[in-house]
1. Working only within region 58-74, note down all residues that are under 18 Å from G102 (Cβ atoms) and free of Cβ contacts under 8 Å to residues at least 24 places away in the same chain.
2. Working only within region 45-86, note down all residues that are assigned to a strand (DSSP E or B), surrounded by 15 or more Cβ atoms within 10 Å (Cβ to Cβ) and modelled with pLDDT of 95 or more.
3. Being over 18 Å from L117 (Cα atoms), in a loop (DSSP other than H, G, I, E, B) and either out of contact with any helix residue (DSSP H, G or I) (no Cβ under 9 Å at 6 or more places or on another chain) or among the basic types (K, R) (or both) is the requirement here; does D7 meet it?
4. Quick one: in region 93-105, of everything that is modelled with pLDDT under 95 and either in contact with a His (Cβ under 7 Å, 6 or more places away or on another chain) or under 26 Å from E41 (Cβ atoms) (or both), which residue is surrounded by the fewest Cβ atoms within 10 Å (Cβ to Cβ)?
Amino acid sequence: MAVEDLDEALDTYERLFGAQLEHRELVPEQGVEAAAVRVGESRVELLASLGDDTPVGKFLAKRGPGMHHVAYEVDDLRATISHLAEAGAELIDDEPRQGLFGLEVAFVHPDAVHGVLS
């Protein structure tokens, strides 16, 4: 979720949903401060921009706060990337890269999945 104020968002998620903070991280190279919260069996990632000219900053300026992307946990990221490429999905990443919280990630372009960065 892209948020304008990370502390305010954390308070809201805790107060309304009983969210538990798992991890908070400043990621200057991606231009965000991120927090992962646990809500039941789900994890929600909150992203606050460190500036207007960052990807999340541009997202917030264009669309306002809300869903930025959806992430799926897979057993074999490289195999999943290969499958997506073979299926014709437009990929942003054709190789895994370092994401937040030490996880490897790869993104599919929103145009390939009905408007949601995945």
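1. Taking region 58-74 and keeping what is under 18 Å from G102 (Cβ atoms), we get 69, 71-74.
Answer for region 58-74, where residues must be under 18 Å from G102 (Cβ atoms) and free of Cβ contacts under 8 Å to residues at least 24 places away in the same chain: E73, V74.
2. Taking region 45-86 as the starting set, the residues that turn out to be assigned to a strand (DSSP E or B) are 45-49, 66, 69.
Filter once more, so that each one left must be surrounded by 15 or more Cβ atoms within 10 Å (Cβ to Cβ): 45-49, 69.
Result: E45, L46, L47, A48, S49.
3. Working: over 18 Å from L117 (Cα atoms): yes; in a loop (DSSP other than H, G, I, E, B): no; either out of contact with any helix residue (DSSP H, G or I) (no Cβ under 9 Å at 6 or more places or on another chain) or among the basic types (K, R) (or both): yes.
Here the answer is no, as D7 does not meet what is asked.
4. Among those residues, the one meeting the criterion is G102.
The values are calculated or read from the model by the stated rules, or taken from the named source; none is laboratory data. The structure displayed is predicted, hence computed values, not measured ones. Cβ coordinates were reconstructed from backbone atoms using ideal geometry, including for glycine residues, and neighbour counts include every protein chain displayed.
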